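Report on the following structure.
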Amino acid sequence: MINLVILGSTGSIGSQALALADMYPELIRIRGIAADTGGEAFKAQIAKYKPDYAALANKDAARNFDSCGTKLLSGPEGICELARLDSADMVLVSIVGIAGLDAVIAALKAGKRVALANKEALVAGGECVMRLAGRAGERLLPVDSEHSAVFQCLNGENPRMLERIILTASGGPFLDYRGNLGEVTVAQALAHPNWSMGPKISIDSATLMNKGLEVIEARWLFDIPGEKIDTVIHRESIVHSMAEFKDGAVMAQMGSPDMRLAIMYALTYPKRLEAGVRRLDFASALSLSFEPPDMTRFPCLKLAYRALEMGGTAPAVLNGANEAAVRAFLDKRIGFGDIPTIIEHTISRVEITPAESIEAVHEADRESRAVSGEFIRQIEF
């Protein structure tokens, strides 16, 4: 029996995880769920799954929320308390942004297995997280399709034989766009051609920052330097990523572009269970194409590699600035092309220090948001 807490239960990953739990009620028991501000969807989840506890990150929303008799925790400390829940043995962290970092740390310190769908925890605090988690697969299971793919490719292999990782990217909605990227709308940026995702990750995909964050995440998950992590554009989103070994052999994990595959693998590892994913038909006209990313048109990817090379708190600064810029774009305060400008401005002005503690990471995040926020106010519409 998997006693599961889902942090971010009303989001895309959390909702799909609950649907998978519905397929295996004898295997997966929902012990706790958490969301940001609640709403009818969260209330319906409480009524259906009857968790031991529920939590809302927003304290104001929690004060007026009817939890139907379920004990309700609130605020960041409530999310962390839920991550440590005694009745749970696994925590799916699908909260978006740096907010997931403290929850990951809390769950790992409490001895839980963590299914990680939050990029920012490793991007900003990778050194601290992996110090607690050990190697990927021991207590930390990747949910991102790319990192799940690499994890599967490395299963049973000697990690010292790994030569490089190749992360694939669909290219987002603007791969073939020949207009002015500075003039694209929020609606255009949210329209991903292959994946159904939340707004923040959809914008990150459009700028290719999503792939940049994944490069940093892969560095920590698989203990491999950034110069051995490559990215390629793969429009079909069928090859989810690859691992190349020292003898030249390349292993690729393939499947339909459906997050249920990676979610189920993380929840039930080392087992493989049916997740309702459409099978690939190799007898049809299945084509696979690969091309290098254009880092001139999409500078966010280059900025991520730069932050990884700088080390220390640079990735935390990158992440904080990106979160602030994406929020401002979604609020229609800045243009799409302003996002990398804001990030570069912030990285060049915030002092980079060793990322030896969670406190240092949070301080870098706060300073990054302060600097980027001030710059956004200067350039906003």
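The values are calculated or read from the model by the stated rules, or taken from the named source; none is laboratory data. Predicted model only: the values in this text are computed from it and were never measured. As a convention, Cβ positions derive from the backbone with ideal geometry for all residues, glycine included, and neighbour counts pool all protein chains shown.
Among the residues of the stretch 285-294, is any not assigned by TED's automatic domain parsing to the domain that holds GLN253 and not in a loop (DSSP other than H, G, I, E, B)? Looking through the stretch 285-294, none of the residues is not assigned by TED's automatic domain parsing to the domain that holds GLN253 and not in a loop (DSSP other than H, G, I, E, B). Residues that are over 19 Å from LEU116 (Cα atoms) and aliphatic (A, V, I, L, M) were ranked within the stretch 147-164; the one that is surrounded by the most Cβ atoms within 10 Å (Cβ to Cβ) is LEU162. When the stretch 364-381 is filtered for residues that are part of a helix (DSSP H, G or I) and more than 21 Å from the chain's Cα centre (by Cα), the ones remaining, listed by number, are GLU367, ALA370, VAL371, SER372, GLY373, GLU374, PHE375, ILE376, ARG377, GLN378, ILE379. Please work out if LYS71 is more than 15 Å from SER9 (Cα to Cα) and among the basic types (Lys, Arg). So LYS71 fits the description; yes.
Right, ALA252: in a strand (DSSP E or B) and either outside the structural domain of ASN158 (by TED's automatic domain parsing) or buried (at least 24 other Cβ atoms within 10 Å of the Cβ) (or both) or not? Show your work before the answer.
On the way: in a strand (DSSP E or B): yes; either outside the structural domain of ASN158 (by TED's automatic domain parsing) or buried (at least 24 other Cβ atoms within 10 Å of the Cβ) (or both): no.
Against the criterion (in a strand (DSSP E or B) and either outside the structural domain of ASN158 (by TED's automatic domain parsing) or buried (at least 24 other Cβ atoms within 10 Å of the Cβ) (or both)), ALA252 does not qualify.
Filtering the stretch 23-35 to residues that are surrounded by 18 or more Cβ atoms within 10 Å (Cβ to Cβ) and either assigned to a loop (DSSP other than H, G, I, E, B) or of a type outside the set (D, E, K, R) (or both) leaves ILE28, ILE30, GLY32, ILE33, ALA34, ALA35.
Of all the numbered requirements in (1) surrounded by fewer than 20 Cβ atoms within 10 Å (Cβ to Cβ); (2) closer than 30 Å to ILE238 by Cβ; (3) in contact with a helix residue (DSSP H, G or I) (Cβ under 7 Å, 6 or more places away or on another chain), LYS302 misses one, and that requirement is (3). Checking the stated criteria, ALA314 turns out not to satisfy the condition of being in contact (Cβ under 8 Å) with a residue 12 or more places away in the chain and either more than 15 Å from ALA124 (Cα to Cα) or touching a Gly at 6+ places or on another chain (Cβ under 8 Å) (or both). Where helices (runs of 4 or more DSSP H) sit wholly within the stretch 42-140, those with at least 1 residues that are among the hydrophobic types (A, V, I, L, M, F, W, C), modelled with pLDDT of 95 or more and under 18 Å from the mean Cα position of the chain (by Cα) occupy 75-83, 99-109, 119-133.
Say we look at the stretch 190-232 and pick out the residues that are in contact with a Phe, Trp or Tyr (Cβ under 7 Å, 6 or more places away or on another chain) and surrounded by fewer than 24 Cβ atoms within 10 Å (Cβ to Cβ); which of these is nearest to ALA117 (Cα to Cα)? Only one residue fits best here, namely VAL215.
Taken as a whole, the condition of being closer than 30 Å to VAL239 by Cβ and in the same structural domain as VAL232 (by TED's automatic domain parsing) does not apply to GLU323.
Residues in the stretch 36-85 that are under 20 Å from LEU20 (Cα atoms), surrounded by fewer than 21 Cβ atoms within 10 Å (Cβ to Cβ) and small (Gly, Ala, Ser): ALA41, ALA44, ALA47.
Could you list all residues from the stretch 22-41 that are within 21 Å of VAL96 (Cβ to Cβ) and in contact (Cβ under 8 Å) with a residue 24 or more places away in the chain? Please lay out each step first, then the result.
Going residue by residue through the stretch 22-41, those that are within 21 Å of VAL96 (Cβ to Cβ) are 30, 32-41.
Scanning the stretch 22-41 gives ILE30, GLY32, ILE33, ALA34, ALA35, ASP36, THR37, GLY38, GLY39, ALA41.
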